[in-house]
Structure formats: C-alpha cells, structure tokens
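The values are calculated or read from the model by the stated rules, or taken from the named source; none is laboratory data. Not measured: the values here are computed from a predicted model. Glycine gets a Cβ as well: all are built from the backbone with ideal geometry, and neighbour counts include every protein chain shown. The area values use the complete protein model at the heavy-atom level, side chains included, leaving out ligands, DNA and RNA. Shrake-Rupley method; radii C 1.70, N 1.55, O 1.52, S 1.80 Å.
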There are 4 protein chains.
Amino acid sequence: MGIHAGLRERVLEGNLAVVRAGLVVLTFGNVSGADRDAGVMAIKPSGVPYEHLTADDIVVLDLETGDVVAGAARPSSDTPTHLALYHELAGVGGIVHTHSPFATAWAQSGRELPCYGTTHADHFDGPVPVTRALTSDEVAGDYEGLTGRVIVEALEGIDPLERPAALVVSHGPFAWGADVEQAVENAIALEAVAASAAWTELLSPQAAPIGDDLRRRHFSRKHGPAAYYGQPS
Amino acid sequence: MGIHAGLRERVLEGNLAVVRAGLVVLTFGNVSGADRDAGVMAIKPSGVPYEHLTADDIVVLDLETGDVVAGAARPSSDTPTHLALYHELAGVGGIVHTHSPFATAWAQSGRELPCYGTTHADHFDGPVPVTRALTSDEVAGDYEGLTGRVIVEALEGIDPLERPAALVVSHGPFAWGADVEQAVENAIALEAVAASAAWTELLSPQAAPIGDDLRRRHFSRKHGPAAYYGQPS
Amino acid sequence: MGIHAGLRERVLEGNLAVVRAGLVVLTFGNVSGADRDAGVMAIKPSGVPYEHLTADDIVVLDLETGDVVAGAARPSSDTPTHLALYHELAGVGGIVHTHSPFATAWAQSGRELPCYGTTHADHFDGPVPVTRALTSDEVAGDYEGLTGRVIVEALEGIDPLERPAALVVSHGPFAWGADVEQAVENAIALEAVAASAAWTELLSPQAAPIGDDLRRRHFSRKHGPAAYYGQPS
Amino acid sequence: MGIHAGLRERVLEGNLAVVRAGLVVLTFGNVSGADRDAGVMAIKPSGVPYEHLTADDIVVLDLETGDVVAGAARPSSDTPTHLALYHELAGVGGIVHTHSPFATAWAQSGRELPCYGTTHADHFDGPVPVTRALTSDEVAGDYEGLTGRVIVEALEGIDPLERPAALVVSHGPFAWGADVEQAVENAIALEAVAASAAWTELLSPQAAPIGDDLRRRHFSRKHGPAAYYGQPS
C-alpha cells in the first residue's frame, strides 16, 4: 500500500464511475479528491486511457503549492482549475470535470441551467451558474488557473455545497461535493437535469423555473439539518 | 423466508427492472406493491443504492396507518404519495415513480401527454394527465401525501386502470397497474411514448391526437373482456 | 426437430435481433418469415416476453388461409397485416413490425420519410411512404388486415423490394425484404435514417431530398444486377 | 503471421473500435490504415459483418495503383475515396468513414460543423468543412474517387492534421489522423461534438463559434510542439 492509498483508490473509483455513467468518452474528463487534513489532492493523470488506469497512476499534489507528492505520471492538464477550486470553495472535497453532452451544450450556449423541476432541486438549490468568458489575456496566461477563478466569480454569494456545479462557458461542466462520491453523484445528476431541461424548453418555450418554496423543500429533504431522505447516518 | 417474502421479492424485482430499463439513474425512483388482502404495501427503502438492495431491505407498511410492519430501513420519502394512491385508486396493486428523462420533461413543461399513436393507446386510453401545482401551503405541509392528492384530482372521472399514469407538474411521472409487474410495464411504456410524442411535435407542430375509435380499438385489443392480444390466461 | 424448424429458427433469431438492435421495448414488435414454396409463414406468438421465446413458440400458419399449421401459442395479433403483405407484395420473404422511436415519431407525425442522404438511399430508393388513415368503419372491422391494405395502397407503383418499408400513420413502421434477415436489416436501417432525418430538419429547416442520380447510384451499388457492394455471392 | 500482419491487426482493431463506440450500425462504415514506407494501405472488406471479421479478412492494396496485395475478399466499396485521401493529404496514416448519427445529420443538412466549444477545439482547429455536392457527371463517373476529390477541395488551405475530418454533403463524415488510432479518436470526437453542437443551437439559436484565441489555446494544448496534455512520449 503506497502513500495516500485510500484517497487514490477513491479518486480512481470516481474516475471510473463517470465513465460507467456515460459522462465521458475518450479521455474527456477528470476527477479529483482532497484530503484537507493531509494537505493534498489526488487527480487523474493527463490523457491516460481509463481502461489502463490504476490507483498508482493517480497523482497526489500538495494542496497549497501544487507540487507533486506521489505518482510518476503528469497530472491532468486541468489540475490548476481543481487547485483553485479547493483553495476558494470551503468544504469541497471532490471535483468532477466532464464534457458530458447535455451539460456541455448548455455551457456552449452560454446559458445558466434553470431549475425546471424537483430532480434539479434535489441537488442544486437554484440555477447552475455559467461563467463569464475569459479575456484574451487570460486565455494566453494561466488559463487553467483562471478557469477556476471565473467559476469562483460565478458562485459569488452562493454556498458551493448548495449549488455544487458550474458551467464554464464554451467549455463544459464542473461539479463538486463534500467528497469524491458526492461530486460524482452531482455530476451525474447535472447531466440528467441538463437533458430534461433542454427537452422541457422544446416542449414548452414558455417554461418557467419552479418556485422557491418547492425548490427549497426538495433541496432540504436531502440536505441539511432537516433532511429526511436516505437512511439515518 | 421472512414475513411477506413474496411481495417483497416482487417489489425488489420491480425496482431492479426500472433500473435495467434505463428509467432510473442514481436513486431517482421507487417502486411499491400492495397486498390488499393482507392490508400491507411494500416499498423501496430511501436512498439505498440499487446494487446493494435485497428483499430484506424492502420495507413493509400497514396500508391504512402507514406504520412499518417489517424491515429495518427507513421507507422511501415518497411513501405518503404511494399510500395516498392506494387509498384512493381502486384496483391499483403496484406503483412506480421515476424521473425518467422524457416523461420528466413533459411534467416539467406542465403539459399533459397527448395520445399521438397506437403505442400510447395500447397502454393509456387517453392523454396522460398532468397535475395542478401544489400551493405554497401544501408544499410546506404534508407535501408527499398531498402529491398523491393532486394526482387523484387529475384523475377525476377517469378509471385509473384505463389511464395508469400521471405527470406531477415540475416533478415527474407516477405509473401504476393492477400489480407490480403491470406498473413497471406501464412506466416503461410511458417513457417510450413520451419520447415519441416529443419527436412527433418537433416533426409536425400541427400533430393532433389520434381519433377515439382508433384509440379505443387499440386499448381494448389488450385490455378488458374483448382483449385478443397476448396468450389466453 | 419439428415441422418447418429452419424457418422457425430464422424467425426466432429475427425477433431477437430487433430487440438486440434496440428497436423494441417490452413486447412492441413482431417478425415473420415466409416459405412460399411450402405455402407457410411463421410469426412470433402474441405478447410473449422475448427472454422466454424459443423456436417452438414460433407459430406457423398457412399462407393462404391463415390457419395455424404448427405451434401451440396464439400468433401475433398483427398476423393479418403480415398475411395481407405476403399476399400482395411479390418477392417479400420477411416482415418486421416495430414501434422503434424515431420511425414511430415520423409515423405519428403523418409524414413520409424524405431521402436526405446516402444512408437512406443504400436501403430505400425514394421516400418511405406513409399510409392514409383508416376510416372509422375500417378501424371497427378487419382492422389488422386493412392495415396491410393501406400499406399496399401506399406502395402503389413502387417495387416493394426497392422501397422495403412503410409508415402506418398514427402507428409505426413495417419493413420487409426478400428474407427475414434482409427485413431485419431494413428495419434497423429505417430507424437509423429516421433519426438522422429528424436531426437534419432541426439543423436545416430548408433541407431538401437528395437528387435522383445520387440516390439511384447508391441504391444500385447495393442492389440489382450492377451491385458492387459486399462480397460476390 | 501473414504479410502486413501488424497493419492488418491495427485496421481490424480500428474497425471494431468504431462499432464499440456506437458510431456504426449494420455494416455502415470502414476504417483503413496506411504504411507509407511499405507503399500499402489496408481496409475492411465490403459488407462483411463485424462479428465475423478477422485480421486475415482485411484487404491490403498498393497505395499507388490500388491493386490488391493481400487478402481474398473484395475491399470496401469506398476504397477509392481512401486512396484519393492518402494520395492528397500528407501525413495521414489512418482514415475512418462512418454514418454516425449526428455527424451524418450535419452532412445531410449541408452545413459545416461550427466550433462551439473546447471539446471541438481539442481535436479540430476550426469548423469541420462540408464538401460541395458532386455533379451528375461525377456521380455517374468515378463516384468514390471523386468523393475523395471533393473532400480535398474542401480542405484547401487547411492542414489536414489540424482539421482531421470533413463532412461529405448528403452522405456522412470522414475522419483521419496520423495513424489508425488517431483517426478512430477523431471520428469518436467528431460525433460527440456534432451532438453537442446540435443541442447548442437548439438551446441558443444565436450561438456563435468560440474565439480564435481560445480555440488555438485548446488545440495547441494537445497538438504540436507546445503540447502539454497527455504524458511525455
């Protein structure tokens, strides 16, 4: 058993779970997890086919400096985005980036994802925000780190665990959660509600988001002190 | 073999069947069955991953009082909706709730599902109704029980076994049948016709529901005293 | 080995092939094959789940009279449609009826399926015709036999092996071929081109069918005396 | 081990990979690979079902003359298109032709595929071009060879490895790469971005292609001397 073996196993499993869920083709995606007590994050290596991935391939980095702590491979090229999100979003313990088809279509359309129903509200307590575009200077500069920055900007005034996803305009979705497993669940839910929302608009161009009361009721059924969904822990 | 073992096995199998049919991702759904002679219903526990589900996890409740009769887990949070439907809809022996993508899109669009063809008529003898929205007071109150109430309201004047589904506005579909197996079949058929109906409208915005004569002919081929579909029982 | 064992095996395999290809959910479909020399057709029994189907369940009928020659089960309720097509369409040796989602949407929209590309032309030498609606009297009468009649009407002036499918309005597709295997291939191709055609119209509302020269070139690459697709037989 | 066994194995695997990726139904597709040093290309035989395909079935042809060098079967009817592309497109070592549903819909709509996001830019450094239609004389003449010609025309002024795909109008996509494996990857990416682009337009009819700076940044992350995606080779 190597260093941070438990975290690397969970990150490996998270990466495989998004493939099994149909969110990823080729190598379009990456999943990370953080161990804030140990001061590290673990992430998929860049461009390695999923069928060959093992826990030892998962790269571990210092959460502050971004230096590689364990793992021989080059980490995902999106690593600076993950680091920026762990730095700025309190309580986040897992992050999933995919190019899943419907969430990517919303991101490419430049629109936030409206909350059209309770499936959405079960996971996201409001619309999933879309980022602003990066400027030409930002694209030419620390592009991946600044991608994290525009996500954080888009979440201004929002509790990241009550709205655990954002759409990077012209790019695709990032989702997160308190741990890797919740991040994966939110990424899967995001793709499902992105699909249903697209069809909702085709069926009814006048569709409006659901009311605050219904949205809060559903979100709080599953989250927070009054939750009564799932088994008592 | 535990108490109500046969019913719990059938309810377990029904829950797994809707996953296999692609109607459910994550834990978005629940299937129940009733044994009216024994005065009980059995339902999936809340938030338990499908891959771990066993017949012993299925919770059995008193059909009148809703008290748990057997099973250690907390029942589905939608249990009061199921109880309300068993109370009010005569002859119903199984209920399926999913967030299947196309039926959910229709529910989120706030529209009833028109009968555009014989696939629909083979299962539903008319449009699948959509409920009214719950009021703010209803959302804040016995939300799940009142969800059952608005479904019953939407079925006013309709034989529930001739129109074995409804769309809860802003939420998703409920389907039912004389037993668990027929409820599962109707839930699968509902998603299929919801998809075909959406595409029918995209291909022909002037599409109109089929005539009463063709709809009745198809429904009665499969249901009722003159049925000639399937094998003699 | 029972009577007509070879034909029944091929019809069994054809029924399973359309399920594997995703054209059928539940029991929405039926495949038949004819042995014109023996004067019989063989077809799926009505409403039997595919996972339990064996060659012995396949029902054999006299091609002229429709009397059951072999098989204990009740034949598909659509048997009179198949019989009518074998009677009227020379050279047809296999027939497939499904409710595959995109072809059904075209049928429900009441529109013929235009030939928007070479995938279509490889199988269908022109638009796939849509039938007229049956009258109320026809629906109340020999409904399934008259469904065959309106298909034959829609093919007036068309060689059925050059246009081996039709859309029954408000119902769904029938496809056919010189034998069971070609009928299955045409049913699969029909669903694929129905999907691409729907998206073609969404991407370009002004899309027009391809020219006669390109369509004939592709159809005759695969069919007829000048065919040069596939291996020499 | 027969002649050109390595190339034939890779071409076999490429043909199977596009089926596994869901790009091909029936026998709608063909994958080839070239060994320019040996002066040969290898391609799928015409119309052979994928489940029976072995490396020995893969046909090897002289890259200049098109004469068969090895293999008993008739090569794909699209062989002249592949030969024309290898002749005209420097650096191309693998070619994939499919009728994948979304890329085919774009081809049938007669529209180039706009670059709406970074998934597209990761593989194609600009819109995927669409060819002009062939004239009636061209359709009646060396149809498959001239299909290669119009692809080359559509790429005028474009580095084929920076824009490794084209849409043949009224027909479907061709993709390519420096070798068979990259051609397969580009074909899979093309279908994914064709789907997301279609939905992008449905969600936002005013959607515009991404800027040159973002597109170049993403393409050069994965390709060329400054690439930093994937593992160092």
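Data for the structure
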{"quantity": "Near pairs, Cβ below 8 angstrom, 6+ apart or cross-chain, from segment D:9-20 (closer than 17 Å to D:F174 by Cβ) to any residue that is modelled with pLDDT of 95 or more and basic (K, R)", "calculated": "D:V11/D:K44; D:N15/D:K44"}
{"quantity": "Options A:E144, A:E88; residue that is in contact with a Gly (Cβ under 9 Å, 6 or more places away or on another chain), surrounded by fewer than 22 Cβ atoms within 10 Å (Cβ to Cβ), in contact (Cβ under 8 Å) with a residue 12 or more places away in the chain and within 20 Å of A:N30 (Cα to Cα)", "calculated": "A:E88"}
{"quantity": "Tally, over segment D:198-210, of residues that are within 8 Å of chain A (Cβ to nearest Cβ) and open to solvent by 40 Å² or more (accessible area, probe 1.4 Å)", "calculated": "1"}
{"quantity": "Test: residue in segment D:211-227 that is within 18 Å of C:S204 (Cα to Cα) and open to solvent by 10 Å² or more (accessible area, probe 1.4 Å)", "calculated": "no"}
{"quantity": "Test: residue in segment B:95-102 that is among the hydrophobic types (A, V, I, L, M, F, W, C), closer than 26 Å to B:A198 by Cβ and open to solvent by less than 40 Å² (accessible area, probe 1.4 Å)", "calculated": "yes"}
{"quantity": "Pairs where the first residue, in segment C:211-233, is within 16 Å of D:D142 (Cβ to Cβ) and at pLDDT 85 or above and the second is open to solvent by 40 Å² or more (accessible area, probe 1.4 Å) and part of a helix (DSSP H, G or I), C-beta under 6 Å, 6+ apart", "calculated": "C:D213/D:S136"}
{"quantity": "Filtered residues of segment B:103-115 (kept if touching a residue at least 24 places away in the same chain (Cβ under 8 Å) and either among the aromatic types (F, W, Y) or crowded, with 24+ Cβ neighbours inside 10 Å (or both))", "calculated": "B:A103, B:T104, B:A105, B:W106, B:A107, B:Q108, B:L113, B:C115"}
{"quantity": "Condition broken by A:P160, with the remaining ones in (1) under 14 Å from the mean Cα position of the chain (by Cα); (2) farther than 30 Å from B:A72 by Cβ; (3) open to solvent by 30 Å² or more (accessible area, probe 1.4 Å) satisfied", "calculated": "(3)"}
{"quantity": "D:A227 being within 14 Å of D:H123 (Cα to Cα), assigned to a loop (DSSP other than H, G, I, E, B) and more than 7 Å from every other protein chain (Cβ to nearest Cβ)", "calculated": "yes"}
{"quantity": "Index of the failed condition, D:D137 passing every other in (1) open to solvent by 30 Å² or more (accessible area, probe 1.4 Å); (2) over 20 Å from D:A42 (Cα atoms); (3) more than 14 Å from chain C (Cβ to nearest Cβ)", "calculated": "(3)"}
{"quantity": "Boolean, D:V68 is more than 11 Å from every other protein chain (Cβ to nearest Cβ) and either open to solvent by less than 10 Å² (accessible area, probe 1.4 Å) or β-branched (V, I, T) (or both)", "calculated": "yes"}
{"quantity": "Candidates D:L26, D:L12, filtered to the one that is in a helix (DSSP H, G or I) and within 25 Å of C:K222 (Cβ to Cβ)", "calculated": "D:L12"}
{"quantity": "Residue within segment B:100-118 that is touching a Pro at 6+ places or on another chain (Cβ under 9 Å), more than 10 Å from chain A (Cβ to nearest Cβ) and among the hydroxyl-bearing types (S, T, Y) present", "calculated": "yes"}
{"quantity": "Filter result for B:I188 (within 12 Å of the chain's Cα centre (by Cα), within 10 Å of another protein chain (Cβ to nearest Cβ) and more than 22 Å from B:A84 (Cα to Cα))", "calculated": "yes"}
{"quantity": "Leading residue by the ranking (farthest from the other protein chains (Cβ to nearest Cβ)) among those in segment D:77-88 that are within 23 Å of D:D37 (Cβ to Cβ) and of a type in the set (S, T, Y)", "calculated": "D:Y86"}
{"quantity": "Output for segment D:167-185, where each listed residue is within 14 Å of chain C (Cβ to nearest Cβ) and among the β-branched types (V, I, T)", "calculated": "D:V168, D:V169"}
{"quantity": "Lone qualifier among D:L63, D:L23 - being of a type outside the set (S, T, Y) and closer than 30 Å to A:V24 by Cβ", "calculated": "D:L23"}
{"quantity": "Residue count, segment A:29-53 (criterion: assigned to a loop (DSSP other than H, G, I, E, B) and closer than 14 Å to D:Q231 by Cβ)", "calculated": "6"}
{"quantity": "All positions within segment C:35-54 that are open to solvent by 20 Å² or more (accessible area, probe 1.4 Å) and touching an Asp or Glu at 6+ places or on another chain (Cβ under 9 Å)", "calculated": "C:G39, C:V48"}
{"quantity": "Matching residues, segment A:71-85, being without any contact (Cβ under 8 Å) to a residue 60 or more places away in the chain and surrounded by 23 or more Cβ atoms within 10 Å (Cβ to Cβ)", "calculated": "A:P75, A:S76"}
{"quantity": "Residue within segment A:116-126 that is touching a residue at least 12 places away in the same chain (Cβ under 8 Å), open to solvent by less than 10 Å² (accessible area, probe 1.4 Å) and over 24 Å from A:L214 (Cα atoms) present", "calculated": "no"}
{"quantity": "Residues within segment D:55-65 that are part of a strand (DSSP E or B) and open to solvent by 30 Å² or more (accessible area, probe 1.4 Å), tallied", "calculated": "1"}
{"quantity": "Residue list for segment B:30-61, filter: touching a Ser or Thr at 6+ places or on another chain (Cβ under 6 Å) and at positive phi", "calculated": "B:G47"}
{"quantity": "Only one of C:A195, C:A189, C:A175, C:A183 that is modelled with pLDDT of 95 or more, buried (at least 24 other Cβ atoms within 10 Å of the Cβ) and in a helix (DSSP H, G or I)", "calculated": "C:A183"}
{"quantity": "Candidates C:R216, C:R221, C:R163, filtered to the one that is under 30 Å from D:A198 (Cβ atoms) and part of a loop (DSSP other than H, G, I, E, B)", "calculated": "C:R163"}
{"quantity": "Yes/no for C:L155 being within 10 Å of chain D (Cβ to nearest Cβ), surrounded by fewer than 23 Cβ atoms within 10 Å (Cβ to Cβ) and at pLDDT 95 or above", "calculated": "no"}
{"quantity": "Looking only at segment A:31-63, and only at residues there that are in contact (Cβ under 8 Å) with a residue 60 or more places away in the chain and closer than 14 Å to A:G6 by Cβ, the one that is farthest from the chain's Cα centre (by Cα)", "calculated": "A:A34"}
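Residues are listed down the side, and each one gets a yes or a no for (1) under 13 Å from B:V31 (Cα atoms); (2) over 14 Å from the mean Cα position of the chain (by Cα):
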position: B:P75; (1), (2): yes, yes
position: B:L83; (1), (2): yes, no
position: B:G94; (1), (2): yes, no
position: B:H97; (1), (2): yes, no
position: B:T104; (1), (2): no, no
position: B:H120; (1), (2): no, yes
position: B:H123; (1), (2): no, no
position: B:G126; (1), (2): no, yes
position: B:A133; (1), (2): no, yes
